[in-house]
1. For the range A:150-171, name all the residues that are surrounded by 19 or more Cβ atoms within 10 Å (Cβ to Cβ), within 14 Å of chain B (Cβ to nearest Cβ) and either more than 15 Å from the chain's Cα centre (by Cα) or within 15 Å of the ligand (Cβ to nearest atom) (or both).
2. When you check residue A:123 against the structure, is it more than 22 Å from residue A:29 (Cα to Cα), among the hydroxyl-bearing types (Ser, Thr, Tyr) and either within 14 Å of the chain's Cα centre (by Cα) or within 15 Å of the ligand (Cβ to nearest atom) (or both), yes or no?
3. Would you call residue A:107 away from chain B (no Cβ under 14 Å) and within 12 Å of the ligand (Cβ to nearest atom)?
4. Please verify whether the range A:23-46 includes one or more residues that are assigned to a helix (DSSP H, G or I), of a type in the set (Phe, Trp, Tyr), within 14 Å of chain B (Cβ to nearest Cβ) and within 16 Å of residue A:162 (Cα to Cα).
5. What are the residues in the range A:60-91 that are surrounded by fewer than 22 Cβ atoms within 10 Å (Cβ to Cβ), charged (D, E, K, R) and within 24 Å of residue A:224 (Cα to Cα), if any?
6. From A:85, A:89, A:81, A:113, grab the single residue that is away from chain B (no Cβ under 14 Å), outside any strand (DSSP E or B) and within 16 Å of the ligand (Cβ to nearest atom).
7. Scan the strands (runs of 3 or more DSSP E) fully inside the range B:129-232 and keep the ones with 1 or more residues being of a type in the set (S, T, N, Q) and either under 30 Å from residue A:162 (Cβ atoms) or at pLDDT 90 or above (or both).
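The values are calculated or read from the model by the stated rules, or taken from the named source; none is laboratory data. Because the structure is a prediction, the values reported are computed rather than measured. For neighbour counting, all protein chains shown are included, and Cβ atoms are generated from backbone atoms with ideal geometry for every residue, glycine included.
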Amino acid sequence: MSQETPGASGPSAAGGKGILRVVQLYPRDMNIYGDWGNALVLQQRIRWHGYTPELLEYNVGDPFPDDADIIVGGGGQDSGQLVIQDDLQARADSLKELAEDGTPMLVICGLYQLFGRFFKTRTGSVIPGIGILDVETHGTDERLIGNVKVTTSEFGEVLGYENHSGQTTLGDGVRPLGTVAKGTGNNSSDGHEGARYRNIVASYLHGSLLPKNPAIADFLIRTAAERKFGAFEPGLPDDRYAELAREHAARRPR
Amino acid sequence: MPFYTVPLGKLVRRASRLRGGGSALPGLVVEKIDPGFMRRTLSTLPHGVAVVSGTNGKTTTTKMVVELLESQGLKVFTNRTGSNFTRGVAAALLGEVDWRGRLDADVAVLELDEAHAVHFVNSVPPKYCLLLNVLRDQLDRFGEIDKTAQLLQHIAAKTTGTVVLNREDPRVARIAETLTGQEVRYFGLDDSLLGTFPNDDDMRAAPGSPAPAGLPEKPSADVVLRKVGADTAEFEYDGGTVSTAMKLRGVYNIFNAAAALTLARGICGGAAADTNHETLLEALSQVAPAFGRGESLTVEGQPLDLVLVKNPSGFRLGLKSFPAGGYATMIAINDNYADGRDMSWLWDVEFDSLRAGGVDQLTGSRAYDMALRLQYDDVRIGAVEPDIAPALAAFIRGAKGQPKRIFCTYTAMLAIRRELSKITTVEVVS
Ligand SMILES: [Zn+2]
């Protein structure tokens with residue numbers, strides 16, 4: 001394969017179409033199974049589309065960055081979820097405002113659950129979420145693990161890897177991201193995976209999610225650019241490796 | 001015990017060897033007819049049982065401990081990895097005991113997989129344990145890092161004598177607080193080497209960010225690794241510093257040597273007068289990685305290094321320990337069950353160090369996942385071929401006259417060794 005195409009090699013130059021600011025939520029405590037890859041993919045693709053990326057981290061106790069154009073957050077261990085709990089509650093109103101206002105967001109696994117109404121553990125204690133998404137999650141003894149293939153109307157086939165024991169059910173206020181073709185997804189009964197609300201994409205899929213699903217990455221970037229500059233002028237990222245990685249991943253066993 | 005356990009087990013063992021079978025069947029037979037066999041046999045050892053556990057480096061460290069103890073004249077019983085742990089140990093015992101069930105050894109040193117830890121230590125409480133680290137590894141099997149830490153804590157709690165802990169891994173060092181009766185010994189690193197050992201907590205912390213507040217002062221360690229040279233290392237213990245030649249490569253392997261030294265000193269009496277320090281150091285300088293944990297071969301007169309990478313911390317350590325300069329590089333990533341199916345971990349590794357030289361060849365069932373990962377780190381990619389045999393041949397052809405290095409997952413390493421054995425001498429493993 002040639003190495004001369006943009007995005008195939010060489011430190012990618014930042015572009016002149018304007019700055020897009022990506023804020024990572026709690027990367028110190030909520031960043032497991034490669035969720036950092038989502039932030040990296042946004043940063044690089046913003047560049048490959050000709051814009052200038054700005055990647056900011058928000059951790060417990062930090063001042064919240066102004067003017068977030070895209071917000072991403074990942075999964076964590078139980079201990080990580082406890083550490084961020086109070087801080088997240090304190091941020092609930094401003095995050096909700098950003099969400100209602102149409103800020104594109106990607107939340108994976110642990111933060112997907114905490115963006116919902118609550119997480120009820122196996123022992124019956126209830127961890128409140130911030131209620132941006134009309135979903136609820138119940139802890140179980142069963143760990144749902146393995147490769148996942150999801151059919152979506154917006155992003156085509158979505159590929160990833162799930163690893164969770166919380167099971168999530170969707171309320172009327174959200175729609176599923178898609179229908180599971182391989183794997184389990186939100187829960188072991190209804191065949192749905194993830195949730196969509198305004199410009200939020202919520203999902204259980206690690207992998208990381210965005211590298212092999214550039215359509216979702218570009219949805220977040222396009223939405224951010226349209227909100228900020230009135231229009232999105234895409235570049236031409238080289239997605240041949242992504243295509244091939246998708247083809248091979250889709251054929252791997254659960 | 002049933003008088004026939006050992007004779008019957010040995011017969012099954014012999015029969016399954018003749019058929020070319022593994023160790024699981026004879027172990028299974030003994031387990032079924034005499035479940036107390038293992039505990040009873042191991043409990044006769046004068047120095048008891050020592051277990052080595054943790055996410056990274058168990059196999060090589062166990063091998064090192066064995067060699068260090070043998071240098072002190074001890075007869076050591078140890079297990080080979082691969083088969084189901086309990087059955088594997090039972091089968092290995094069958095090979096070692098005499099027909100009356102007596103084991104001719106002073107001490108057992110066993111590599112203990114986290115998955116089998118609880119079952120084993122509940123039935124055979126060890127006298128010593130060495131706990132190496134808790135890193136992201138095969139999380140699709142064990143669930144979460146904190147759970148692994150709990151398993152290691154359980155091993156420590158069941159240990160009757162000395163618990164050896166990694167002072168630099170917070171999740172391991174913290175285990176000391178939960179112990180009451182045991183003697184605790186640490187192995188540690190010089191501050192100047194800490195930077196080469198990112199743990200999973202600070203993996204994403206900004207460079208130079210301060211340590212979390214409220215961390216207690218570090219306890220003093222029995223053995224500290226002070227310096228690592230090209231083929232030497234400096235260890236500090238008993239109030240002095242010794243410099244020794246090392247066959248082992250890679251800082252993290254040499255840190256595990258400090259761990260092995262701490263455990264061996266614990267078992268044979270440390271500073272005791274009857275410890276022969278010269279032979280101990282000589283043994284330390286001679287230890288080599290265990291099979292499949294990285295090795296150096298020669299192909300067409302040039303070195304070819306195999307570096308096993310099975311989790312993000314291992315991959316990061318491998319990239320740091322083996323600088324890319326002057327080497328042709330290949331990466332082989334499989335996602336078979338033994339490798340872990342989840343590819344997320346590739347995104348927890350930074351590949352900037354390969355940017356200058358690029359990667360010449362990618363292979364394995366997830367070669368394109370690896371290509372995609374490198375693309376996002378702006379690393380130049382030569383060729384991609386998921387099929388390992390043609391990829392390896394192309395790599396060797398293309399890098400004629402150059403030293404070569406292959407980073408590979410476990411099953412990819414097995415496939416590469418198989419291919420290489422057709423063109424060069426590769427150690428045969430029983
Ligand atoms: Zn998860």
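1. A:160, A:161, A:162, A:163, A:164, A:166
2. no
3. yes
4. yes
5. A:62, A:66, A:67, A:91
6. That would be A:113, the only listed residue that is away from chain B (no Cβ under 14 Å), outside any strand (DSSP E or B) and within 16 Å of the ligand (Cβ to nearest atom).
7. Once the strands (runs of 3 or more DSSP E) in the range B:129-232 are filtered for at least 1 residues that are of a type in the set (S, T, N, Q) and either under 30 Å from residue A:162 (Cβ atoms) or at pLDDT 90 or above (or both), what remains is B:162-166.
Per-residue answers, yes or no, for (1) surrounded by 18 or more Cβ atoms within 10 Å (Cβ to Cβ); (2) within 23 Å of residue B:317 (Cβ to Cβ); (3) at pLDDT below 80:
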site: B:79; (1), (2), (3): yes, no, no
site: B:84; (1), (2), (3): yes, no, yes
site: B:100; (1), (2), (3): no, no, yes
site: B:106; (1), (2), (3): yes, no, no
